[in-house]
Amino acid sequence: MSKERIILGIDPGTTIMGFGVIKVVNKKMECLQLNELQLKKYTDPYIKLKLIFERTIELIDTFNPDEIAIEAPFFGKNVQSMLKLGRAQGVAMAAGLSREVPVTEYLPKKIKMAITGNGNASKEQVAKMLQNVLKLKTLPKNLDSTDGLAAAVCHFYNTGRIEVGKSYSGWDAFVKQNEKRIVK
């Protein structure tokens, strides 16, 4: 009996949100969707967050993923960029959790390592490896969508391993695992 899973991968961003959807039957992957949500033309940050939430809900309702893999924000020098990225990630996570889809976050280095074997690989190297593995005819102009797809593939590769990453099955699980960080 074959087991089928759908994994939605998201690369959150307030300029471009990249995403990819894979279907896994037994151990064979197939790319179902590879795209991005363009947010450059919007100046209001709250409109951007609303659009990220709505697009994530639309993807969930369309593909019915079993799991969501999301790229975690990396710690950079620009605090404002980190805050914006964290909000985008939080909104995408909230969309998944509101539909009771388990969410797992992965650090960029872990995703790159899973795809290329090199945690310092470039976006182009990740995209080329995904093109090869998933037999994609062409690559998109912007590589944010392949970053989202990479999160999904990384999650597939890491499924069944002891340490996967931070995973939440719903709001209660999220609160319980993060209660020390929540300001009361």
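The values are calculated or read from the model by the stated rules, or taken from the named source; none is laboratory data. In this text the structure is predicted, and so the values were computed from the model without any measurement. Glycine also receives a Cβ, built like all others from the backbone with ideal geometry; neighbour counts cover every protein chain displayed. Please note that ligands, DNA and RNA were not included when accessible areas were found on the heavy atoms of the full protein model with its side chains. Shrake-Rupley method; radii C 1.70, N 1.55, O 1.52, S 1.80 Å.
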Contour excess over end-to-end distance, with Cα ends at T43 and Q80 and 0.36 nm allotted per residue:
11.8 nm
Rounded to whole angstrom, the alpha-carbon centroid of the range 111-136 lies from that of the range 84-100 at a distance of 25 Å
Roll a 1.4 Å probe over the protein heavy atoms and report the accessible area of T43 in Å², nearest 10.
130 Å²
Label-to-label distance, nm, for residues given as L32 and K137 (7 Å Cα→Cβ offset):
2.1 nm
How far apart, in nanometres, would the label points at I57 and K3 be if each is projected 7 angstrom from Cα along the Cα-to-Cβ direction?
3.2 nm
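When the convex hull of the C-alpha atoms of the range 60-124 is computed, what volume per residue in Å³ does it have?
Details: hull volume 6.9 nm³, N = 65.
Considering the Cα atoms of the range 60-124, their hull volume per residue is 106 Å³.
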Please identify every one of the chymotrypsin sites (Phe, Trp or Tyr not before Pro) in the range 1-74 that sits in a loop by DSSP and has no more than 12 other beta carbons within 10 Å of its own beta carbon.
F74
